[in-house]
There are 2 protein chains.
Amino acid sequence: MKTKEIKAKALNTKKFIDEKCEEIISAVGNGYAINALSGGVDSSAVTMLGHKALGRRLKTYFIDNGIMREGEPQRVAAIFKKLGVHIGIIDARKKFFAALKGITDPEEKREAITQTFYKDVFGKLVRESGAKYLLQGTILTDIDETIAGIKRQHNVFEQLGIDPQRAFGYKIIEPLVQLRKDGVRKLAAACGLPKSIYNRMPFPGPALSARVIGEATPERIEIVRKATAILEKELAGTRAFQYMAILHNDRVTGMRANKRDFGLQIEIRCWDSIDARKAKPTDLSHGMLMRLAGRMVNDVPGVVSVTYNIASKPPSTMEAV
Amino acid sequence: MKTKEIKAKALNTKKFIDEKCEEIISAVGNGYAINALSGGVDSSAVTMLGHKALGRRLKTYFIDNGIMREGEPQRVAAIFKKLGVHIGIIDARKKFFAALKGITDPEEKREAITQTFYKDVFGKLVRESGAKYLLQGTILTDIDETIAGIKRQHNVFEQLGIDPQRAFGYKIIEPLVQLRKDGVRKLAAACGLPKSIYNRMPFPGPALSARVIGEATPERIEIVRKATAILEKELAGTRAFQYMAILHNDRVTGMRANKRDFGLQIEIRCWDSIDARKAKPTDLSHGMLMRLAGRMVNDVPGVVSVTYNIASKPPSTMEAV
């Protein structure tokens, strides 16, 4: 069955919210539902829908994996608290860093994060919660991008460590599957979420571990976290589609106090794009580039060199790894 | 004994050339002298002085180490041929790449090149030539930078594989020790050398191996050689102090023909500087940066990403490794 798309323009948010809440209520009945909130627009919108439908019968967990941006867990928790939505915050930093230890290949890093999230951390919460209904923020673009789409449901339970033979009774609810990103943003705004959520810049699933070339140790994540905080503050006023700081694995020569210092390099990327399929480096002023580089070498420990990416997508990609 | 500096402004090139030729003639007598020409301004000026003084009794060797820029050995040979100076060209590419094999540390790369140059290649030429007089393009700045300056002469013979106990009779002649770079440029012009030599942009001793982060294999040198040729052509019109292309060791994600391609990154540096002690990135236009990146990804095999360095020296340095 092909999912019927609802274009953002045609989306009647009030009607959509009412319909989806009814669907969730009728599916869950007197039971419990569970979901994971990342702070991204999709999972935030789903959390709001689930909360409207089920109140405290939705258990929402925010998993601090240690690779989020500066103050992100606190910021997301505060936003939902203000909206009267209870969020369980799970400190799983040690588990994620243990899984990432020694891994330098980007695909293996991604896999380690996915496995830790589903099997180890969220899977455990699902199994112990007694909730049989799993709310997920899957959107139409995710489905387009899943080649073996028909196997998705089966796979999710397997990923969660739930035997597919015994998974009977578990049910996934995906209220956003008819929407694309622009529709979800419109919905999120209508649900009362603040602009920092409904207009949030794209941020990768593997979070800051995707912003580190090579091993994602706690120390290296902390370095790129500092660089990211500086960049996001300095570029907040630009109309760029996305910007990011990347910590390289290569070391380069620098000088500190007249002595050679083999140090770190931070790469800055800032993209102009409509839909992320094609992208061009933003024409940041020379003054702004000098300012960014100055702040990086002064405020981020160990950094002696800073670059700005000037290649377009394709053949480049938005993220480095 | 402190070397008496001759400032570029005060340099009377005709008088200087006459005096240095007399000194060389009186030192070498009826013997032979030998020197290595790199194509840099210092060794080129020394070659011209030695040639004026000794004619064919100076044996000049240009050693092709495989890590020079595109067409550099041919270009240097053609320049000196036109000036009537005979240069022996030595193809030592295999020896240098054998010495560089497996080495990733920048200091070890430098040491491998120095050792191969002195002991293996040039040392052999010196020992077999019968020449007892070695002409060197040492300038005052080199002496300033050598902490153990008094040991230099001793060290050079040791480096050349000549037992210091038996080195009696060998003599180093350094006609440029009273000059700094600007004085040498003035002298080189007065010796009839073309602008491409006397006004040559600084280029490091370890040549393109200093422009490769990680191992300097023939394949990786060829990649950075192509990038360097593009950069030098595109930026020839700028008034920058120095510019360079650097091949990173880190690999980044790219896309070719809609498929993921884990590819290479080239970093471009272009410096504004008076004396290389401090330097700032040149304010190249966004259009020029886009053009450079476009040429790199289109014309240099395997490159999917290009950056422009935006950090200043200090804490950065001009060269990356």
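The values are calculated or read from the model by the stated rules, or taken from the named source; none is laboratory data. A quick note: this is a predicted structure, and the numbers were derived from the prediction, not measured. We place every Cβ from the backbone using ideal geometry, glycine too, and count neighbours over all the protein chains shown.
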Sole residue being in contact (Cβ under 8 Å) with a residue 12 or more places away in the chain, of a type in the set (D, E), surrounded by 21 or more Cβ atoms within 10 Å (Cβ to Cβ) and out of contact with any Cys (no Cβ under 6 Å at 6 or more places or on another chain), chosen from B:E267, B:E234: B:E267
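So, B:V297, is that one out of contact with any Ser or Thr (no Cβ under 7 Å at 6 or more places or on another chain), of a type in the set (A, V, I, L, M, F, W, C) and within 7 Å of chain A (Cβ to nearest Cβ) or not?
Answer is yes for this residue.
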Helices (runs of 4 or more DSSP H) contained entirely in region A:114-162, each with at least 1 residues that are at pLDDT below 80, out of contact with any Ser or Thr (no Cβ under 6 Å at 6 or more places or on another chain) and polar (S, T, N, Q): A:152-159
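Answer yes or no: is there a residue in region A:5-21 that is in contact (Cβ under 8 Å) with a residue 12 or more places away in the chain, over 22 Å from A:H86 (Cβ atoms), of a type in the set (D, E, K, R) and not in a helix (DSSP H, G or I).
yes
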Close pairs from region A:93-111: first in a helix (DSSP H, G or I), partner among the small types (G, A, S), Cβ under 6 Å, at least 6 apart: A:R93/A:G66; A:F96/A:G66; A:F97/A:G66; A:A99/A:A112; A:L100/A:A112; A:L100/A:A216; A:K109/A:S209
Contacts under 9 angstrom Cβ, first residue in region B:289-301 being closer than 17 Å to A:R269 by Cα, partner of a type in the set (F, W, Y), 6 or more apart: B:L289/A:Y308; B:L289/B:Y308; B:L292/B:Y308; B:A293/B:Y308
Count of region B:112-131 residues which are farther than 22 Å from B:D42 by Cβ, touching a residue at least 12 places away in the same chain (Cβ under 8 Å) and surrounded by fewer than 18 Cβ atoms within 10 Å (Cβ to Cβ): 4
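Say whether the condition of being in a loop (DSSP other than H, G, I, E, B), more than 10 Å from every other protein chain (Cβ to nearest Cβ) and modelled with pLDDT under 95 is met by at least one residue in region A:210-232.
no
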Those residues of region A:67-93 which are within 14 Å of A:L208 (Cα to Cα) and either touching a strand residue (DSSP E or B) at 6+ places or on another chain (Cβ under 8 Å) or surrounded by fewer than 14 Cβ atoms within 10 Å (Cβ to Cβ) (or both), in sequence order: A:G71, A:P73, A:R93
Residues being closer than 20 Å to A:A207 by Cα and more than 8 Å from chain B (Cβ to nearest Cβ) - total across region A:265-274: 5
Top-ranked residue in region B:241-258 [being surrounded by fewer than 19 Cβ atoms within 10 Å (Cβ to Cβ) and assigned to a loop (DSSP other than H, G, I, E, B); ranked as nearest to the other protein chains (Cβ to nearest Cβ)]: B:N249
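Evaluate the following for B:V304: is it buried (at least 21 other Cβ atoms within 10 Å of the Cβ), more than 7 Å from chain A (Cβ to nearest Cβ), within 26 Å of A:M318 (Cα to Cα) and in contact (Cβ under 8 Å) with a residue 40 or more places away in the chain?
no
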Subset of region A:307-321 [in contact with a helix residue (DSSP H, G or I) (Cβ under 7 Å, 6 or more places away or on another chain), buried (at least 24 other Cβ atoms within 10 Å of the Cβ) and more than 25 Å from B:A279 (Cβ to Cβ)]: A:V321
Count - residues of region B:290-321 that are of a type in the set (V, I, T) and outside any strand (DSSP E or B): 5
Test: residue in region A:278-289 that is charged (D, E, K, R), within 9 Å of chain B (Cβ to nearest Cβ), part of a loop (DSSP other than H, G, I, E, B) and surrounded by fewer than 17 Cβ atoms within 10 Å (Cβ to Cβ): yes
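Is it the case, given these coordinates, that B:L176 is buried (at least 17 other Cβ atoms within 10 Å of the Cβ), modelled with pLDDT of 90 or more and hydrophobic (A, V, I, L, M, F, W, C)?
Against the criterion (buried (at least 17 other Cβ atoms within 10 Å of the Cβ), modelled with pLDDT of 90 or more and hydrophobic (A, V, I, L, M, F, W, C)), B:L176 qualifies.
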